[in-house]
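Here is the structure we will look at.
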Amino acid sequence: MTKLFITGFVLLCSLFAFGQTEEGIDILNGFDTRFAVLDSLIFHADNDSAACRHSLLKGELQPAVTADRNALDSAINARTDAEIGVITAQTGLKFTGQTYYRLDNSLGIDEDDNGVSRYKSKVQAELRWYPFQSAVFKRKGRIREQELRGMIDRLAFDKEELGMLVERQKEVFRNASDTLLAGVLLHRINNLNMLSDAYLYLLGNQNISSDDLLQILNEKAEAERLLATLPAGLPAAVDLSSPSGFTISVDTTAFLKKVRSTQADLSTLKLQMELLETRASNTSYWTEVNAAPFVRYSLYTRPSGNSSNVDAGLVFTIPVSKEFSRKKAALRAQRDELAAQESYLSTRLIEAVKAILVDIDRYNRAAIGEYRRMDELKRYLEIRRTGYDNRVGEYNRLARMKEYNSYLLCCEKFISFQYSRDCSIADLQKFLTDTSILEFCRELPLESTITNEVPKTAVQ
């Protein structure tokens, strides 16, 4: 009772102090003008834009086709086609020849030789075919190697592009959030300016303690610091009457299934494993064998007349080691290592996804809580406004302004939670390369949560 009496006495003194001077009257009139503006914002606005977040599902979270990316894909395709062309152009045919002239007919001639075998010069031409170095040997497998390398290269650029997309999308969310937040902050700072002027006046007239003023100044400084971090020149909010937004649920089962099948790092590992398996299949004993059938034509010039002959045969080199089998085993060991990496990475990715889903659920619940509080505060402000208009009870302008600031502060938190949740949704996009995360999301208007229990919204 004593505390209430003292508080009431101080308020009466404050009101009396305001009414004693022209400055005090101006401050009171400023409060009334400010209340009219706030009432218009909260109760009588014709549109809903200030503390509202537009539907996320109307946006886009997927890489757009750009001229640069088309050019890059074309370059990769051209390189792959060129490398395949090298393989298909390999005939395995080699043409060789030789010619020489004997400087001394007596050299190299046996004493019993009658000269029949003597020749002045010789010309030889030979055509050899190396089938194991031609396009007919392991053609399909060697072409597949080049195709896989091209696919791996494209995936690397897909991952980089996706990361840039997510950051750009977060910037879009940030700009939208900053616009809303700045609008609400400007109103709250204006209210705090009114309060600080009033408290300074009361302090000068020794009708209030310095602690009350210090609290207001600290709150004002904090709000101004937050506003200073936002882009300059953003307009003040024109409507705070119908803050709206959404909770977002994610179809976790379908999303995780898609992640396991298409995530860039996992897909790259799968392609690398296929590449190693293909290389192992293309590695065989015959790749180490050098066997070439040939046809040779020889022409001899002799003192007694020219002669020629045609020879056919097979030239071959056969390795006597198991090097090819060791190479094959090494390739398959590398593949097994990648398989282990895939399993490890898959587990880590699922853990990362679940952590983001937990964040989404937390932000959803926080947004729901703030939304309900905003609804309660709005109804409270309406009751208080009606009471003030009818002069029911004591009319304390300082307390009333703080009530409006409580509503504005709630709006700020609400906007922040919606922004953080949208950024978490964007983070989920990092796990998808060819599909928008929005295909796995479902929005629930926050208006529907007013009378219901808070749902677990992040996961279905």
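Annotations for the structure displayed:
- Residue within segment 209-230 that is surrounded by 20 or more Cβ atoms within 10 Å (Cβ to Cβ) and in contact (Cβ under 8 Å) with a residue 60 or more places away in the chain present: no
- With respect to (1) under 30 Å from PHE417 (Cα atoms); (2) in contact with a Lys or Arg (Cβ under 7 Å, 6 or more places away or on another chain); (3) not charged (D, E, K, R), the lone exception for VAL250 is condition (2).
- Residue in segment 74-89 that is at pLDDT 70 or above and over 41 Å from the mean Cα position of the chain (by Cα) present: yes
- Residue selected from segment 291-326 under the condition within 21 Å of PRO131 (Cβ to Cβ) and surrounded by 14 or more Cβ atoms within 10 Å (Cβ to Cβ), by the criterion farthest from the chain's Cα centre (by Cα): ARG296
- Pairs linking a residue in segment 84-110 that is closer than 23 Å to ALA125 by Cα to a residue that is part of a helix (DSSP H, G or I) and modelled with pLDDT of 75 or more, with Cβ atoms under 6 Å and 6 or more positions apart or on different chains, are GLY92/PRO131; GLY92/GLN133.
- Restricting attention to segment 128-154 and to residues that are among the aliphatic types (A, V, I, L, M) and out of contact with any Leu (no Cβ under 7 Å at 6 or more places or on another chain), the residue that is farthest from SER298 (Cα to Cα) turns out to be ILE143.
- Just one of the listed residues (ILE350, ILE368, ILE356, ILE360) is of a type in the set (Val, Ile, Thr), part of a helix (DSSP H, G or I) and within 30 Å of LEU38 (Cα to Cα), namely ILE368.
- Only one of ALA264, ALA236, ALA232, ALA280 that is of a type in the set (A, V, I, L, M) and in contact with a Gly (Cβ under 9 Å, 6 or more places away or on another chain): ALA236
- Check on ALA264, small (Gly, Ala, Ser) and at pLDDT 85 or above: yes
The values are calculated or read from the model by the stated rules, or taken from the named source; none is laboratory data. Values in this document were obtained by computation on a predicted structure and should not be read as measured data. Every residue, glycine as well, gets a Cβ built from its backbone with ideal geometry; the counts of neighbours run over all protein chains shown.
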